Amino acid sequence: MPSYTLVCPPLETSPRIARDFVASVLRELRLDTELVDDATLCTSELVTNACVHAKGGDGAALWLGVEAGRVRVVVYDKDENPPVPRELTPQEWETGGRGLYLVDALTHGQWGHGPAVPHGKAVWFDLVLEGPCVKGLALIDGA
């Protein structure tokens with residue numbers, strides 16, 4: 001399974017860098033444009049949350065894996081508090097706080113979180129990978 005990692009320092013530019021990283025890898029693997037767009041938006045939301053909301057301000061680490069049937073992105077940070085979608089008023093909906101709702105919608109509920117070792121949390125999402133090939137290499141289900 002091809003996998004890739006990126007360290008995201010606590011900088012304002014980290015979400016954009018993470019988004020560009022994921023887009024570059026998935027385009028190089030010749031994946032569907034819609035999947036690439038969904039993956040980059042979800043990545044940006046999770047990295048933004050890690051850089052803005054995680055206590056300690058240490059940034060995040062990103063892991064991207066491509067395997068039979070799915071693309072998975074995991075964002076690690078040192079904050080042990082789980083991500084929680086905020087209850088938003090209609091006015092707040094217009095200005096922010098929609099990130100986890102977008103991730104949930106784009107992944108069809110295929111996202112979650114858990115503890116990271118040695119501390120902190122991992123927030124992940126999966127996107128369904130259509131078709132049997134990644135850059136011309138056949139992937140076998142369950143491999």
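Every read-out reported here was derived from the displayed coordinates using simple, explicitly stated rules and does not represent laboratory data. Everything numeric in this text was worked out from a predicted model, so none of it was measured. Cβ: placed from backbone, ideal geometry, glycine included. Neighbour counts: every protein chain shown.
Laid out as a table, the results:
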quantity: Estimated inter-spin distance, Glu34 and Arg16, nm [label 7 Å along Cα→Cβ]; calculated: 2.9
quantity: Relative exposure of Leu31, Leu106, judged by other C-beta atoms within 10 Å (fewest first); calculated: Leu106, Leu31
quantity: Trypsin sites (Lys or Arg not before Pro) lying in DSSP loop within segment 1-72, provided at most 13 other Cβ fall within 10 Å; calculated: Arg30, Lys55
quantity: Whole-percent pair-distance distribution, where bins are 5 Å wide, for the alpha carbons of segment 15-72; calculated: 4, 19, 30, 21, 13, 8, 4, 1
quantity: Rounded FRET efficiency, nearest 0.05, which uses the C-beta distance separating Val117 from Ser24 and R0 of 22 Å; calculated: 0.20
quantity: When the convex hull of its Cα atoms is projected in every direction, mean area for segment 3-138 (nm²); calculated: 8.3
quantity: Rough spin-label spacing in nm, given labels placed 7 Å along Cα→Cβ, for Val52 and Glu130; calculated: 3.1
quantity: Taking Val103, Val75, Val7 and counting other C-beta atoms within 10 Å, the order from fewest to most; calculated: Val7, Val103, Val75
quantity: Likely footprinting exposure, His113, His108, fewest C-beta neighbours within 10 Å first; calculated: His108, His113
quantity: Charged-residue dipole, Cβ positions (Lys, Arg, Asp, Glu), segment 3-138 about Cα centre, Debye nearest 20; calculated: 340
quantity: Under 10 Å, Cβ to Cβ, from Leu102 - net charge with Lys/Arg +1 and Asp/Glu -1; calculated: -2
quantity: Per-residue HN-Hα couplings for segment 78-86 [Karplus 6.51, -1.76, 1.60; θ = phi - 60°; Hz; x = Gly/Pro]; calculated: 8, 7, 7, 6, x, x, 9, x, 7
